[in-house]
1. I'd like the residue in segment 20-43 that is more than 12 Å from the ligand (Cβ to nearest atom) and assigned to a loop (DSSP other than H, G, I, E, B) and, out of all such residues, is surrounded by the fewest Cβ atoms within 10 Å (Cβ to Cβ).
2. Could we say that MET56 is at pLDDT below 90 and in a loop (DSSP other than H, G, I, E, B) here?
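The values are calculated or read from the model by the stated rules, or taken from the named source; none is laboratory data. Predicted model only: the values in this text are computed from it and were never measured. Ideal geometry is used to build each Cβ from the backbone, glycine not excepted, and the neighbour counts take in all protein chains shown.
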Amino acid sequence: MSQQAPVQTLLACSQCGRDFPHSDLVQLAGNWVCADCKPAFISRVMASGAAGASPMGWHYGGFWIRFGARLIDGFLLAIV
Ligand SMILES: [Zn+2]
């Protein structure tokens, strides 16, 4: 009972794959990321989140608005 070394769980960084003590890693978007990879990971998540969600919605909305406008145009022309 002499050796009571502090046992730290080593976790692998999901980005660089190196092992780090639990306390040196942060969990971001469900992935363990070390301090070195954190800025790159955050910017990547931000970029994918921002670029993935809103412009798609915009595009979709724009498509239907244009489609509706065309339809109305077609109706007006047909009536005339
Ligand atoms: Zn890393």
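1. GLY30
2. No, not satisfied.
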